[in-house]
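All remarks here apply to the structure that follows.
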Amino acid sequence: MIIVHVFVHVKPEFLDAFRQASVENAAKSVKEAGIARFDVIQQADDPTRFVLVEVYRTPQAPGQHKETAHYQAWRDKVAPMMAEARTSIKYTNVFPQDQGW
């Protein structure tokens, strides 16, 4: 499993639009065979900050995800909504082991 946390800082005037676009992308993403989980979370004390938690089944799955039409549409739509460039950190899970996601 590969877990990616994508950190996004959104301009305040785009909060609703970013949320809507990201939920739509996540709903389509979880239908991909290589994605076990895809969460969109919003920081409680700063609603302009989001984390996308993407859990992939294989090392190839992140690249395959970036080739999908829904990811590319999301990327292009939300780019002007961001207060700064998004960043990401990749993780591997220690526990639990593969739960059949």
List the lysines whose Cα lies under 28 Å from the Cα of Lys11, skipping any in the same chain that are fewer than 8 positions away. Lys28, Lys66, Lys77, Lys90
Under 5 Å between amide hydrogens, which residues at least 5 positions from Lys11 or on another chain qualify, with H placed 1.01 Å from N in the peptide plane? Met82, Ala83
Find, among the GluC sites (Glu not before Pro) in the range 1-69, those assigned to loop by DSSP (not H, G, I, E, B) with at most 13 other beta-carbon atoms within 10 angstrom. Glu67
Proxy exposure order for Leu52, Leu15 (fewest C-beta within 10 Å first) is Leu15, Leu52
Along the range 68-84, what does the Karplus equation 6.51 cos²θ - 1.76 cosθ + 1.60 (θ = phi - 60°) give for ³J(HN,Hα), rounded to whole Hz, x for Gly and Pro? 6, 5, 5, 5, 4, 5, 4, 3, 5, 5, 8, 3, x, 7, 8, 6, 7
Based only on other Cβ atoms within 10 Å, what is the fewest-to-most ordering of Phe7, Phe18? Phe7, Phe18
Value of [θ]222 nm, deg cm²/dmol, for the chain, DSSP H segments ≥ 4, -39500 (n - 2.57) each, nearest 500: -9000 deg cm²/dmol
Among (1) 2, 13, 27, 28, 20, 8, 1, 0; (2) 2, 13, 23, 26, 18, 11, 5, 1, 0; (3) 2, 11, 20, 23, 20, 14, 7, 2, 1, 0, find the value of P(r) over Cα pairs in 5 Å bins from 0, in percent that was calculated from the structure presented, and write down its label. (2)
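The numbers here are math on the coordinates, done by the rules we state, and not lab data. Since the model is a prediction, treat every value here as computed from it, not as a measurement. Note: ideal-geometry Cβ built from the backbone for every residue, glycine included; neighbour counts use all protein chains shown.
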